[in-house]
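Each remark here refers to the structure printed beneath this line.
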Amino acid sequence: MTEAIAATIATLIARARAAQSIVASYDQGQTDLLCAAAAWAIMSPSQNRALAERAVADTGLGNVADKIQKNHRKTLGLLRDLQAAKSVGVIAEDRVCGITEIARPVGVIGAITPSTNPGATPANMIVNAMKGRNAIILAPSPKGYSTAELLVRYVHTEFDKLGAPRDLVQLLPPPVNKAITHALLQAVDLIVATGSQSNIRAAYSSGKPAFGVGAGNVSVLVHASANLADAAEKIVRSKTFDNATSCSSENSLVIEDAIYDAMIDALTAEGCVLLDRQARAQLQAAMFPDGHLSAAFTAKSAADIAALAGLSCASTARVLMVEETGVGASFPFSGEKLSPVLTLYRAENFDAAVKRVVEIYAFQGAGHSVGLHALAQHTEALARHLGETLPVARVIVNQAHAIATGGSFDNGLPFSLSMGCGSWGGNSFSENLNYKHFLNITRIARPIPAQIPDESALFADYFAKTGSGA
């Protein structure tokens, strides 16, 4: 670390700690006003549009209309989740166990944010950090820097209206690189990281507590009972949203043989184009020139991808579909594509479909989530089977996956843009990142009547089975 970088980080941290010491004494009402101020910075219609336009102009990823919707919807949903949540003082009392829980700030948070969502993700992290009365310093991706800079400017303007300290939300100075980001991670109290797996590994290896997310590569099973038209509409709506910038976008459909052709027809009716063998090979050569996904294809529309690959047959497609039979590095379409390109697998039956998903997640995407489309009378048993057998933290039933996984107004998951993938995905948590991850909890433990168990009762089943304890 150079002296200049060390001095820069030391100044940022000192300012953050000074600001955080002020809001540490805020009550719940003042804290919630901070959250509202940070949220309005991105939800104000004119500012939302400016952020969306800046994001697309500078990153070249996604599209303005969907980013406006994402900025609004994700932040609105987050505020709904936080509205009645306690994050100051006593937040829980268990009189039977004599335990009182008190919410405390974490301190200074370092946040790594991605170019795919350069406005919505930092906004989500800022609001959650404010709910815990913390300070936060953003380390945005270089492509997303100007969007994050504009967002912070808007946040400061809103804080001024409350008389809140601007230094609660800061930004690394440009150019953001590995050296200054690493220095920040070593200086903060907690790290939250979303983006490339190299960034996640840096967060976990920093020596500081960290919440990082796993790689996406979502598979969706289409059961023989599914309402195919409904499933196709939801899959395409999800896959095309913001040109599939979300790690929750469907990457593979595993379709039961009995309805395979009919499902393709349903997808075609929604504007998908199935590529023949020659067009598929042409797309693969263009998208994966050295076996790895070319950045030129990331988060572009299907029509733009078709043009880049020279596929005149798909110039008006909403989604490009390719059939696949293998999984792994030699079959690049089996991995995450971050674009409206959808891989199709045919499975003999549901058990075979599940085995195929196991193979896909052994290659990439373990821990994230899986989708299921089936009629209501089958979903409970099928979803429970998936939840008990697959290495996933979420099973999304009959929903547009990218819209549902990070929380939705019609499901109970917390609104978030950062999804923990558990030990399967190399993460320390398996929930949607939410305000609780931005809190320390102090517990008061009082004496209660002793509850000493009966050893013979505890070991009764074991002794009966093994003959031990006689």
- Note on the structure: Residue set ALA231, ALA244, ALA226; condition crowded, with 18+ Cβ neighbours inside 10 Å, touching a strand residue (DSSP E or B) at 6+ places or on another chain (Cβ under 6 Å) and closer than 28 Å to ASN71 by Cα; output residue ALA231
- Looking at the range 192-211, which of its residues are within 18 Å of ASN117 (Cα to Cα) and at pLDDT 90 or above? VAL192, ALA193, PHE211
- Within the range 5-49, track down each residue that is of a type in the set (Lys, Arg) and under 23 Å from the mean Cα position of the chain (by Cα). ARG49
- Task: Select from the range 266-307 the residues that are touching a strand residue (DSSP E or B) at 6+ places or on another chain (Cβ under 7 Å) and among the charged types (D, E, K, R) and list them in ascending order.
- Result: ARG280
- Query: Does any residue of the range 92-111 turn out to be part of a loop (DSSP other than H, G, I, E, B), surrounded by fewer than 24 Cβ atoms within 10 Å (Cβ to Cβ), small (Gly, Ala, Ser) and in contact (Cβ under 8 Å) with a residue 12 or more places away in the chain?
  - Reply: yes
- Message: One residue is enough: does the range 372-380 have a residue meeting the conditions at positive phi, buried (at least 16 other Cβ atoms within 10 Å of the Cβ) and either among the small types (Gly, Ala, Ser) or assigned to a helix (DSSP H, G or I) (or both)?
- Response: no
- Task: Give me the pairs, please: first residue somewhere in the range 397-424 and touching a residue at least 12 places away in the same chain (Cβ under 8 Å), second residue anywhere and basic (Lys, Arg) and part of a loop (DSSP other than H, G, I, E, B), beta-carbon distance under 7 Å, and either six or more positions apart or on two chains.
- Result: THR405/ARG394
- Query: LEU375: farther than 19 Å from PHE241 by Cβ and of a type outside the set (Val, Ile, Thr), yes or no?
  - Reply: yes
- Message: Would you confirm whether or not the range 342-364 contains a residue that is of a type in the set (Gly, Ala, Ser), modelled with pLDDT of 95 or more, under 26 Å from ALA302 (Cβ atoms) and assigned by TED's automatic domain parsing to the domain that holds ASP230?
- Response: yes
- Positions within the range 49-67 being without any contact (Cβ under 8 Å) to a residue 40 or more places away in the chain and not charged (D, E, K, R), in sequence order: VAL56, ALA57, VAL64, ALA65
- Task: For ALA7, state whether it is assigned by TED's automatic domain parsing to the domain that holds ARG166, part of a helix (DSSP H, G or I) and surrounded by 20 or more Cβ atoms within 10 Å (Cβ to Cβ).
- Result: no
- Condition set without any contact (Cβ under 8 Å) to a residue 40 or more places away in the chain and either assigned to a loop (DSSP other than H, G, I, E, B) or among the hydroxyl-bearing types (Ser, Thr, Tyr) (or both), scope the range 425-449, selection surrounded by the most Cβ atoms within 10 Å (Cβ to Cβ): answer is GLU431
- Item | Residue check, ALA52 crowded, with 23+ Cβ neighbours inside 10 Å and part of a helix (DSSP H, G or I) | yes
- Query: Looking only at residues in the range 69-91 that are buried (at least 22 other Cβ atoms within 10 Å of the Cβ) and over 17 Å from the mean Cα position of the chain (by Cα), which one is farthest from SER25 (Cα to Cα)?
  - Reply: LEU82
- Give the range 245-278 a look and list any residue that's under 30 Å from the mean Cα position of the chain (by Cα) and either among the acidic types (Asp, Glu) or not assigned by TED's automatic domain parsing to the domain that holds ALA231 (or both), or say none. GLU250, GLU256, GLU270
- Task: Using the structure shown, decide if SER334 is within 22 Å of CYS247 (Cα to Cα) and touching a strand residue (DSSP E or B) at 6+ places or on another chain (Cβ under 9 Å).
- Result: yes
- Quick check, is ALA52 over 20 Å from the mean Cα position of the chain (by Cα) and either modelled with pLDDT of 95 or more or not small (Gly, Ala, Ser) (or both)? no
- Tell me, which residue of the range 297-346 that is crowded, with 19+ Cβ neighbours inside 10 Å and hydroxyl-bearing (Ser, Thr, Tyr) is farthest from ILE360 (Cα to Cα)? THR298
- Message: Can you go through ALA281, ALA286, ALA187 and tell me which one is at negative phi, in contact (Cβ under 8 Å) with a residue 12 or more places away in the chain, over 16 Å from the mean Cα position of the chain (by Cα) and assigned by TED's automatic domain parsing to the domain that holds ILE403?
- Response: ALA286
- Could you figure out which of (1) among the aliphatic types (A, V, I, L, M); (2) in a loop (DSSP other than H, G, I, E, B); (3) surrounded by fewer than 17 Cβ atoms within 10 Å (Cβ to Cβ); (4) touching a residue at least 60 places away in the same chain (Cβ under 8 Å) isn't true of ILE452? (4)
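The values are calculated or read from the model by the stated rules, or taken from the named source; none is laboratory data. As the structure is a prediction and not an experimental result, all values here were calculated from the model. Neighbour counts are summed over all protein chains in view; Cβ atoms, including those assigned to glycine, are modelled from backbone coordinates with ideal geometry.
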